[in-house]
Amino acid sequence: MKLRTKINLFTAVLFIILLILINVASFFTFRHMMFQNEVERTHAEAVHALNGISKSIDTIQAQTLLTTYMPINGMLRVVHPDGEVGPRAYVPEQKVLKDFPTTYQKSERKQVVNYDGRPYAFTSLPIIWKNGEVAELQMVEDLSQTAANLKTLSLVLLAVTIIATIPVIVSTRVLSNVITKPITAMIQTMREIRKSGQYKRIRLTNESNDELHEMGQTFNEMMDLLEVNYEKQEIFVSNASHELKTPLTVIDSYSSLLKRRGQTDPKLFQEAVDAIQSEAIHMRELTQQLLLMAKHDEQWKLQMENIPLLQLVDESVTSFREGYKRDISIIVEEESIVKTDKQKLKQVFYILMDNALKYSEKPVIVVIGKERNQSSIKIIDQGIGIPSQDVGKVFDRFYRVDKARARKTGGYGLGLSLAKDLADAIGAKLVLESVEGEGTTANILLSNEDSH
Ligand code: ADP
């Protein structure tokens with residue numbers, strides 16, 4: 001069942017049923033009350049007649065007495081214990097009452113009876129008749145007028161029901177439209193996306209703050225995110241394949257050279273093998289970095305522990321000194337212990353340290369201290385620096401300031417972007433400050449002990 005049908009059904013149909021039930025219940029209650037009132041009135045009239053007749057029965061003729069107390073639209077009669085009808089009086093319009101069924105029960109009765117297709121108020125009272133017998137004085141009164149009034153009431157209620165149904169149906173339709181329109185639009189957009197493979201947005205017209213508007217907005221935001229991610233992915237893949245193309249071309253051309261002249265020319269052989277090996281190493285590094293970055297999407301698995309910064313820096317710096325045979329000094333302004341993932345922080349430090357050593361020749365200084373209530377590790381080099389217009393871009397994937405030089409230094413422009421991903425994962429912040437020709441300071445800001 002469609003949502004629209006459900007809304008219509010649950011609102012309009014239920015409301016109409018409720019309305020009908022209320023009206024029917026009101027009608028029957030009112031009808032009962034009106035008939036009851038009429039019966040009571042007739043009964044009171046009959047009691048009045050009984051008193052009058054009883055008083056004067058010995059002096060005035062029975063027929064005259066009955067005519068005197070006869071109701072305006074009915075009949076008054078005496079019924080003897082043997083069921084015989086005694087004297088009676090009725091208005092000429094109620095001639096049919098002449099044959100009103102006779103019953104003798106010797107007890108007081110009052111009720112509504114149907115006779116000749118009309119409702120009548122019937123009341124019967126015991127009366128001591130002239131000869132001392134206990135007869136019954138019965139009064140019958142036509143209730144056609146009340147029935148006519150009730151009929152009018154029923155028509156009014158019916159009209160009210162029908163009139164009330166119209167706005168209910170209209171409002172239900174409007175409501176179901178309001179609810180289903182954005183949903184239908186969303187389904188339509190999703191279908192279009194599926195068909196065309198393009199990221200489309202829902203046109204949001206109403207400025208209301210309702211949930212449907214919110215849903216549309218969320219959908220559009222999700223589309224934005226998907227599109228951005230998709231574009232990033234596309235750029236990443238094309239950059240990655242572009243990066244792999246160069247070493248592959250080198251390997252390809254050297255291997256065909258080897259095929260042709262490799263066996264005859266030992267110098268060329270050596271050159272080709274060296275080039276192929278160096279490109280292969282480059283490619284391995286690149287694929288390793290790419291793999292590490294791809295991991296980012298499947299959530300880093302963090303192992304947080306309290307780590308003394310000096311110890312971590314000292315360990316890493318020692319291996320750099322060994323590997324690069326460079327002058328690296330450590331200055332401790334303020335030692336601190338941070339809660340972080342040791343391995344990830346080490347990776348970040350390695351990337352920054354590697355850059356500092358790659359892009360400078362003078363000694364590199366590592367400073368451990370505090371900045372704005374956060375622990376910091378600064379890696380300061382006095383190298384070529386980064387032009388100010390590039391400082392903001394070096395964290396982008398595959399971004400290199402000087403591509404020709406970077407190739408010589410073995411970089412792919414992935415280091416800093418990887419470092420940023422890692423830093424984000426452990427809740428650290430990376431700040432690069434650089435002056436071209438003077439040097440670069442890379443700062444790792446870490447939240448203290450138990451804040452992350
Ligand atoms: P790469 O692997 O090429 O070094 P990175 O992402 O680590 O890639 O760095 C991006 C670019 O930023 C580098 O190509 C380099 O031009 C520049 N860069 C990074 N660190 C430094 C630094 N300490 N000194 C000078 N330039 C740097």
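The values are calculated or read from the model by the stated rules, or taken from the named source; none is laboratory data. Computed from a predicted model, the values in this text were never measured in an experiment. We place every Cβ from the backbone using ideal geometry, glycine too, and count neighbours over all the protein chains shown.
Remark: residue 345 falls outside the filter, which requires a residue to be under 17 Å from residue 442 (Cβ atoms) and over 46 Å from the mean Cα position of the chain (by Cα). Testing residue 393 on (1) more than 10 Å from the ligand (Cβ to nearest atom); (2) surrounded by fewer than 17 Cβ atoms within 10 Å (Cβ to Cβ); (3) under 17 Å from residue 434 (Cα atoms), one condition comes back false. Which one is that? Among (1) more than 10 Å from the ligand (Cβ to nearest atom); (2) surrounded by fewer than 17 Cβ atoms within 10 Å (Cβ to Cβ); (3) under 17 Å from residue 434 (Cα atoms), the lone unmet condition for residue 393 is (1).
Out of the residues in the stretch 301-327 that are in contact with a Lys or Arg (Cβ under 9 Å, 6 or more places away or on another chain), of a type outside the set (A, V, I, L, M) and surrounded by 14 or more Cβ atoms within 10 Å (Cβ to Cβ), state the one that is modelled with the lowest pLDDT. Among residues in the stretch 301-327 that are in contact with a Lys or Arg (Cβ under 9 Å, 6 or more places away or on another chain), of a type outside the set (A, V, I, L, M) and surrounded by 14 or more Cβ atoms within 10 Å (Cβ to Cβ), the one modelled with the lowest pLDDT is 320. Out of the residues in the stretch 372-389 meeting the condition of being away from the ligand (no atom under 14 Å from the Cβ) and surrounded by fewer than 16 Cβ atoms within 10 Å (Cβ to Cβ), tell me which one is nearest to residue 440 (Cα to Cα). For the stretch 372-389, the residue satisfying everything is 372.
When the residues of the stretch 91-112 are filtered to those that are touching a residue at least 24 places away in the same chain (Cβ under 8 Å) and assigned to a strand (DSSP E or B), the one that is surrounded by the fewest Cβ atoms within 10 Å (Cβ to Cβ) is 111.
For the stretch 185-214, which residues satisfy the criterion of being surrounded by 14 or more Cβ atoms within 10 Å (Cβ to Cβ) and part of a helix (DSSP H, G or I)? 185, 186, 189, 190, 193, 212, 213 - these are the residues of the stretch 185-214 that are surrounded by 14 or more Cβ atoms within 10 Å (Cβ to Cβ) and part of a helix (DSSP H, G or I). Can you run down the residue pairs with Cβ atoms below 8 Å, 6 or more apart or on separate chains, where the first is in the stretch 411-425 and of a type in the set (Ser, Thr, Tyr) and the partner is assigned to a loop (DSSP other than H, G, I, E, B) and within 6 Å of the ligand (Cβ to nearest atom)? As it stands, the answer is 412/400; 417/399, since those pairs meet every condition given.
Could you grab me the full set of residues in the stretch 65-80 that are hydroxyl-bearing (Ser, Thr, Tyr) and closer than 15 Å to residue 43 by Cα?
First, the residues of the stretch 65-80 that are hydroxyl-bearing (Ser, Thr, Tyr): 67-69.
If the condition is that a residue be hydroxyl-bearing (Ser, Thr, Tyr) and closer than 15 Å to residue 43 by Cα, then 69 is the only one that fits.
Looking only at residues in the stretch 331-367 that are more than 16 Å from the ligand (Cβ to nearest atom) and hydrophobic (A, V, I, L, M, F, W, C), the one that is farthest from residue 308 (Cα to Cα) is 331.
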